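Since the structure comes first, as structure tokens, the remarks are kept for the end.
The numbers here are math on the coordinates, done by the rules we state, and not lab data. All of these numbers come straight from a predicted model, not from anything done at the bench. Don't worry about glycine lacking a Cβ; one is built from the backbone with ideal geometry, like all the others, and counts go over all protein chains shown.
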Amino acid sequence: MSVIVASRFTTFDHAEAAIDRLHSHGFVDEDLSLFFVNPGGQHARFSVGGDRFADPQSRWASLGAGAGAAAGAILGLVLAIVFSALFLRSMLVLAVAAGVGAYVGTLPGALWQTRGGGRGRQPDIGHDPDGTPKARESGVLVAVHVSPEMQQEAAHVLEEAGGMEVERANGRWQDGKWADFDPTQTVEPLRT
């Protein structure tokens, strides 16, 4: 495994300027790689698309749907009782109104729980709201194949060039590229 230091940039121009700085510090082309990382969820890790088996924000949707169904059924019953008292006196109206209210209530209930991904909790900087490690941000990534002694210098140059989230990784460097790069892996920050 090779030691790789990488950093994210917002544009290709900034990333290319960082590569120029790395050249001026003695790093060679065979040890530098520049590529774009797609936004999370767009890495097609599964045959139907996406990066994860389930969306972390949908974790509590079934509970929300149940709560919405209960609230809808109660609201439907209340409206049915009012209409039954005024117009019709039928148990069928009560049953249908409760069923329709429950059915209609499931959607807003599920959406209520998925909106914002559990917005009541303060997210940890290194983790998504559901507690899973935070995925890598989208952007242009400059990766540098380094020896363990040179990793701090590479990190310092990338940081000076405006790189965000300078990271250290162990990976396979082949033909001037990070061959086993996985965009869904957690970023291991490298402090300079």
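Would you please give the FRET efficiency between H156 and T184, computed as 1/(1 + (r/R0)^6) with r the Cβ-Cβ distance and R0 = 45 Å, to the nearest 0.05? FRET efficiency, H156 to T184: 0.95. Shown in residue order for segment 75-83 are the 3J(HN,Hα) couplings computed by the Karplus curve 6.51 cos²θ - 1.76 cosθ + 1.60 at θ = phi - 60°: 4, x, 5, 4, 5, 5, 5, 4, 5 Hz (x for Gly and Pro).
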